[in-house]
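This report refers to the structure that appears directly beneath it.
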Amino acid sequence: MMRFKGNVCRFGLMMLLVATGTLADVKLPAIFGDHMVLQAGQPIAIWGMAAAGESVTVALGSDKATATAGTDGGWKVSLPARQSGTDLVLKITGKNVVEIKDVVVGEVWVCSGQSNMAMLLKGCQDGVRDSQGANFPMIRTFDVSREVNALPQSDFKGDWTVCSPETAADFSAVAFYFGRDLHSELKVPVGLINSSWAGTRIEPWTAFDSLKLIPGFEAEIAKLEPLRRGDDVLWKEYRDAMARKEQALAEVAAIETNEVLHRQMAAPDLDVSAWPEMNIPEQWEKAGLPDFDGLVWFRKEVELPAGWAGKDLVLKLGPVDEMDSAWFNEARVGGEGDFSKMIVKFWEIPRVYRIPGAAVKAGRNTLMVRVIDTGWAGGIWGAAPADMYLAPADNDADRVSVAGSWRYQVGPKLMGNAKAPVNATTPTALYNAMIHPMINYAIRGAIWYQGESNVTEKDLYTHKKRALIDSWRKAWNVGEFPFLFVQLAPFDYAHTNQFVLPELWNAQREALAIPNTGMAIITDLGNLRDIHPRRKREVGARLALWALAKTYGRDQLVYSGPLVKSAVRDGSKVKVTFDHVGSGLVAREGDAMSWFELAGTNGVFARAQAVIQGADVVVSAGTVVEPVQVRYGWAEEAEVELTNMEGMPASPFCVDVH
C-alpha cells in the first residue's frame, strides 16, 4: 500500500484535490496513459489514488492484483514482470473503471538535462527530414511538464505519444535518435521519458538526501531545511507565493487561448500610437523590459508591393523565445508552443509561417506576434536582421524586411525565475517535481545531457554528478541502473579562464569511475558560436552504442572514443596508453597532431609532438626534459584530431605522468 509522509502528503494531496475535485473515483498519475511503454523484465508497479478503504483491482492481460486504498487514499500493486507484449489493456477497477489502451512492454529510458537534451528534432541538423521518415509506432515518447516544488511530489503533467512523422519533430532530438537506434537493433518497443529544462544546473535535479555528497554544500542544504521541517511561517509564505504564481499562470493561459482578443490586437485599425517601440531582433530584457517574464504583443506595419496582393507569402522571423502566435491582418498564420501544457521548448526553432493570399493586400499590412516567455531571455531575437522578412512563397529573393522598429504592449507578468521562493535554480526543486513522481515506474536506465550551467566548477562537477546518480539510483531502488551522459561539445564560453571547459571535460571523464556509467564524446560535433550543436543524430547514436554494448550485451560494438588509461615517462618522452582504441588509433589530419602538451616540474605546458605507435601515443617536447603532466585538447576551441578507426574522437584529458 502506498504511503505518504509529512508535508509531502499535505501538499501533494492538496494539489491532487484541487486538480480532481474528489477522491471518490480511482485516479492514476499521468505516467499511466494510452500508448504507454512498460519496462520488460521487471515487476510492474501500478499506483494511484481512490477513496480511503476502497478496494482497487488492477489487470494487465491475465495478470491481476488487488489493493485497498489507505487512509490517505493511496494504493499500489505489483504485477509480474513481462518480457514483451503489445496492444495490451491496463484496467483499473474500483468504484469506477479506468482503461488504458495500446499498452506495450519494452525498454524505458529517462532522458534528462538542460537545453541540449530539450532541443527539438526539428531544430537540429537533418531533423525535419528525419522526422518525416519517423514512422515508428513502437517508439513512444512522454514529455514531462516543467514544474518546480519544495518537496517530492506524487504526479506531474504529460502524455504518451506514438512516434510518427506528425509527432516526432516536437520531441527531444537526442532522445529520438537514441531511441531509434535502440529500437532498430533490439526490435522491441522503446519508451522515452523526456524530463529536461533549458538552462538548469545539476543540483535542482538531485534528491535532498544526496546533496550531502557534494563537498562544501552545507550552506545550501541549510537553506532547504526550514521548509522540509514544516516551518509554518515559511510554509504560509511558500503557499502564498505559489498561489500568486498559479494566478499569474492562469491569466497568461487564459489570454493564450483568447483568439478574439488576439484578432483585436492584430486589427489594422487598432490605434497603437501610444505603444512603446522596440528595435527587433533583440532580447526584450535589453530593449525596454528588464527582468520581465510573461506575455507581450508585438505589432509592425509593413508596406507591400502592389504585385503581392492576393499572393501566398512566407514570413520568416527566426527563433522566438519561447512561445508565439503570429497574425497577419487578423488572420492567424502560425505559432509554436502550448503554454497551458507548459510545452515551451521552442526558443531555438526558426519561425517560418505561410500567409494565405486571401489575407494579403497591397500597401499597408499589419503583422502581430504574441510572445510568451517563462524565464531567462525573451522576445524575438534569435535571427540576424537580414533573416527576418516577408517574401512571396514562390520567390524568396524578393523580400520586405520585418526587422527594425516594432510597437509592443505588455500583458500579464509571470513570477520571474529569481523572484519565486522555489525555482528552477533551487537544489532538489526539479527532482521533486519532475523526477520523483515516476520513481515507482520501472525503467532500464537514464541518459543525461547537462553541464553548460555548471561549466566553471572543475572537479566539483564530478562530485555533483555522483550525488545526482546516487539520488536517482536510491529513489528507483533497483540497483546501479545504467546512467549514460554526454561530454559537452566545444564552445566559446568567453570566461576569464580559457580552460573552464577543458576542466569540466576532465571532470565529466572522471565521472566514468562511477559504476555502470557511460559517456558519449562529442568534441568533434561542436560549434564555437553555438552552445547547442545541431548534429544531434551522432549524439544519440553514441549514447545508444554505450547502451547496446554495456546494457544489452552487444560486446562486439566499439562504443566509445579513446579514453586515456595511463601516462608513463620514458626519458624525456611520455607514452600515453588508451582504452577503447577499437581497430586502432588514427589522426584525422595524417600523423601530425597539434593538441598534445607536456609540462615539466615548473608546471608550464609546451606544445608537444605526438606520434601514434600501435595502441599508444608517444609525446615529446624539446623544451621539456622531465615531463610530469600531459594533456590533450586542453582549450575550448581545440580541434581534436585523435580518434579510433571507427571514427569516434578521443576525450580531452590532463593527467600526471608516472
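The values are calculated or read from the model by the stated rules, or taken from the named source; none is laboratory data. The structure presented is a predicted model; accordingly, all values stated were derived computationally and were not measured. Virtual Cβ from ideal backbone geometry, glycine too; neighbours counted across all protein chains shown.
Go over the candidates 647, 590, 553, 603 one by one and state the one that is assigned to a loop (DSSP other than H, G, I, E, B) and at pLDDT 95 or above. Even if it seems obvious, please write down each step before you answer.
On the way: 647 fails: at pLDDT 95 or above; 590 fails: at pLDDT 95 or above; 603 fails: at pLDDT 95 or above.
553 is the lone residue from the list that is assigned to a loop (DSSP other than H, G, I, E, B) and at pLDDT 95 or above.
Given 539, 558, 576, 581, which one is farther than 30 Å from residue 185 by Cα, at pLDDT 95 or above and touching a strand residue (DSSP E or B) at 6+ places or on another chain (Cβ under 8 Å)?
Sole residue among the options that is farther than 30 Å from residue 185 by Cα, at pLDDT 95 or above and touching a strand residue (DSSP E or B) at 6+ places or on another chain (Cβ under 8 Å): 576.
Going by the structure shown, is residue 295 outside any loop (DSSP other than H, G, I, E, B) and over 30 Å from residue 465 (Cβ atoms)? Let's see the steps before the verdict.
Working: outside any loop (DSSP other than H, G, I, E, B): yes; over 30 Å from residue 465 (Cβ atoms): yes.
It is true that residue 295 is outside any loop (DSSP other than H, G, I, E, B) and over 30 Å from residue 465 (Cβ atoms).
Please find, within region 531-579, the residue that is surrounded by the fewest Cβ atoms within 10 Å (Cβ to Cβ) out of those that are touching a residue at least 60 places away in the same chain (Cβ under 8 Å) and of a type in the set (S, T, N, Q).
566
Taking residue 247 and the conditions (1) outside any helix (DSSP H, G or I); (2) more than 26 Å from residue 161 (Cβ to Cβ), which numbered condition does it fall short on, given that it satisfies the others?
(1)
Here are 265, 278: which of them is within 13 Å of residue 368 (Cβ to Cβ), aliphatic (A, V, I, L, M) and in contact (Cβ under 8 Å) with a residue 60 or more places away in the chain? Break it down stepwise before answering.
Working: 278 fails: within 13 Å of residue 368 (Cβ to Cβ).
Criteria check complete, one pass: 265.
Report, by residue number, each residue of region 300-336 that is of a type in the set (Lys, Arg) and within 13 Å of residue 364 (Cα to Cα).
Applying the first criterion (of a type in the set (Lys, Arg)) to region 300-336 yields 300, 311, 316, 332.
Within region 300-336, 300 is the sole residue that qualifies.
Here's the yes/no breakdown for (1) within 19 Å of the chain's Cα centre (by Cα); (2) of a type in the set (A, V, I, L, M, F, W, C); (3) in the same structural domain as residue 126 (by TED's automatic domain parsing); (4) within 20 Å of residue 178 (Cβ to Cβ):
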{"position": "506", "(1), (2), (3), (4)": "no, no, yes, no"}
{"position": "520", "(1), (2), (3), (4)": "yes, yes, yes, yes"}
{"position": "523", "(1), (2), (3), (4)": "no, no, yes, yes"}
{"position": "531", "(1), (2), (3), (4)": "yes, yes, yes, no"}
{"position": "538", "(1), (2), (3), (4)": "yes, no, yes, yes"}
{"position": "543", "(1), (2), (3), (4)": "yes, yes, yes, yes"}
{"position": "546", "(1), (2), (3), (4)": "no, yes, yes, yes"}
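Read through the list (1) in contact (Cβ under 8 Å) with a residue 60 or more places away in the chain; (2) in the same structural domain as residue 377 (by TED's automatic domain parsing); (3) surrounded by fewer than 17 Cβ atoms within 10 Å (Cβ to Cβ), then give the number of the only condition that residue 251 fails.
Result: residue 251 passes all but (2).
Of all helices (runs of 4 or more DSSP H) completely enclosed by region 103-202, which ones contain at least 1 residues that are touching a residue at least 60 places away in the same chain (Cβ under 8 Å) and farther than 27 Å from residue 489 by Cα?
On the way: elements: 115-118, 127-132, 173-186.
Fully inside region 103-202 and qualifying: 173-186.
If you go through region 509-530, how many residues are buried (at least 19 other Cβ atoms within 10 Å of the Cβ) and in a helix (DSSP H, G or I)? Break it down stepwise before answering.
Going residue by residue through region 509-530, those that are buried (at least 19 other Cβ atoms within 10 Å of the Cβ) are 509, 511, 517-526.
Checking which are in a helix (DSSP H, G or I) leaves us with 509, 511.
Number satisfying all stated conditions: 2.
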